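Visitor: Here's a structure for you.
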Amino acid sequence: MTLLRVAVAGGTGVVGRHVVAALRGAEYEPVVISRSNGVDLTTGLRLAEALSGCAGVIDVSNVNTSSRKTSVDFFSRVTENLIAASTAAGVQHLIALSIVGIDDVDFAYYEGKRRQEQMLLASGAPVTIQRATQFHEFAGQILARTQKGPLALVPKMLTQPVAAAEVGDLLAELVPTQPAGRGVDFGGPERHELPELVRKFLAANQEKVRVVPVRIPGSAGRAMANGALTTGAGARISTITFDQWLAARRS
């Protein structure tokens, strides 16, 4: 039996690994697109070759930056290349992962994600944009960025963390569906203050670091603190809580 090929842009990342596993479990043939596999999304190098024969593309590529220019440049170039290569390859469904609430938060990184969404929706390609809330891994990522010795300055933010594995499953489930443009938002089962999650993460790792909540200045900080990055009515809700995710990491 010949398996349908589905490309995963960013298939070696936090959520990309789960997308690849979910596709294999659903009896697709995942094609991992990453620089480590010789494909450069920002230049398009070997992208056409990678997408040859693919029925779908799932874009979970990312750039770690707090620069508006870097974010916009990365997502613009990647999206332009993916649209062009997918169209040329006859891809039936181009699915991109985005973030819940980015329309309401003027944060530099989110400008790139908004540009990505705009380009996809204006392209005329068969696309679905799947927004999700921050992953459970976000607590550890924030800690890595903000810890200075025995202190960690953690932004005051109301968050609704979701398991990256469940996001991966959802993205794989979307492949055979009709392109929806903007899909239904997807979020975790509980809402938490981000400093609380970081404290739990530290306790699970038996690390003694003092967490100091810090309000991000300006309108973006107010929006984050008030829950702008959490889901609204009609969203699809996941099942794995942060505590369950932590327990699974320890086992």
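Laboratory data are not the source of any read-out in this text; all were calculated from the coordinates shown. Quantities reported herein were computed from a predicted structural model and do not represent experimental measurements. FYI the Cβ positions are ideal-geometry reconstructions off the backbone, even for glycines, and counts take in every protein chain you see.
Visitor: Mean Kyte-Doolittle hydropathy of -1.0 or higher plus an axial Cα length of 27 Å or more: which whole DSSP H helices in the chain meet both?
Guide: 68-89
Visitor: Shifting gears a bit: Counting alpha carbon pairs within less than 8 Å and at least 6 residues apart, what relative contact order, in whole percent, applies to the chain?
Guide: Value for the chain: 19 percent.
Visitor: Ok, one more. Would you please calculate the Kirkwood hydrodynamic radius of the range 1-53 over all C-alpha pairs and express it in Å, rounded to one decimal? Please list the in-between numbers first.
Guide: Values: mean 1/r = 0.0888 Å⁻¹.
With all distinct Cα pairs of the range 1-53 included, I get 11.3 Å.
Visitor: Please state the Cα pair-distance histogram of the range 80-170 with 10 angstrom bins from zero: what percent is in each bin?
Guide: 13, 36, 31, 14, 4, 0
Visitor: Averaging sequence separations of C-alpha pairs under 8 Å and six or more residues apart, then dividing by the length of the range 75-161, give the relative contact order as a whole percent.
Guide: On the way: 75 pairs, mean separation 28.0, N = 87.
With pairs under 8 Å counted, the relative contact order is 32 percent.
Visitor: Take the alpha carbon atoms of the range 36-59, find their center, do the same for the range 82-153, and report the distance between the two centers in whole angstrom.
Guide: Centre-to-centre (Cα) distance: 18 Å.
Visitor: By how many nm would the segment from Glu193 to Ala88 grow when fully extended, if each residue of separation counts as 0.36 nm and the alpha-carbon distance is taken off?
Guide: Stretched out fully, the Glu193 to Ala88 stretch lengthens by 33.3 nm.
Visitor: Can you pull the one-decimal nm distance between simple spin-label points at Ser219 and Leu121, each 7 Å off the Cα toward Cβ?
Guide: Result for the modelled spin labels: 1.8 nm.
Visitor: Over the range 15-82, with a single point scatterer placed on each C-alpha, what log10 of the ratio I(q)/I(0) does the Debye formula yield at q = 0.21 1/Å?
Guide: -0.95
Visitor: Turning to a different aspect of this structure: Determine the dipole magnitude for the range 28-159: charges of +1 sit on the beta-carbon of Lys and Arg, -1 on that of Asp and Glu, nothing else is charged, the reference point is the Cα centre, and the result goes in debye to the nearest 20.
Guide: On the way: 12 positive and 12 negative charges, 88 e Å.
Using only the charged Cβ atoms, the result is roughly 420 debye.
Visitor: For Val32, enumerate residues with amide H under 5 Å from its amide H, sequence gap 5+ or separate chain, H modeled in the peptide plane.
Guide: Val8
Visitor: Ok, one more. Viscosity 1.002 mPa s, temperature 20 °C: give me the Stokes-Einstein translational D for the range 152-248 in µm²/s, with Rh taken as the Kirkwood radius over C-alpha pairs. Before the final figure, lay out each step's value.
Guide: Working: Rh = 15.1 Å.
Diffusion coefficient, whole number: 142 µm²/s.
Visitor: With an 8 Å Cα cut-off and a minimum separation of 6 or more residues, compute the relative contact order for the range 4-62 in percent.
Guide: On the way: 101 pairs, mean separation 28.1, N = 59.
Relative contact order, the range 4-62: 48 percent.
Visitor: Amide H neighbours of Gly227 under 5 Å, counting only residues 5+ apart in sequence or on other chains, H built in-plane at 1.01 Å?
Guide: For Gly227, whose amide H was placed from the backbone, the distant partners under 5 Å are Leu158.
Visitor: On the first, second and third principal axes, largest extent first, how far apart are the outermost C-alpha atoms of the chain in Å?
Guide: Principal-axis extents of the chain (Cα, largest first): 52, 40, 37 Å.
Visitor: Compute the distance in nm between two label points, each set 7 Å from the Cα along the Cα-to-Cβ direction, one at Val212 and one at Asp106.
Guide: 2.8
Visitor: Label Glu29 and Leu3 with points 7 Å out from Cα along Cα→Cβ: what is the distance between them in nm?
Guide: It works out to 0.9 nm between the two label points.
Visitor: Taking Lys69 as the anchor, which lysines have their alpha carbon closer than 30 Å to its alpha carbon, excluding any fewer than eight residues away along the same chain?
Guide: Leaving aside lysines fewer than 8 places away in the same chain, those within reach of Lys69 are Lys113, Lys148, Lys156.
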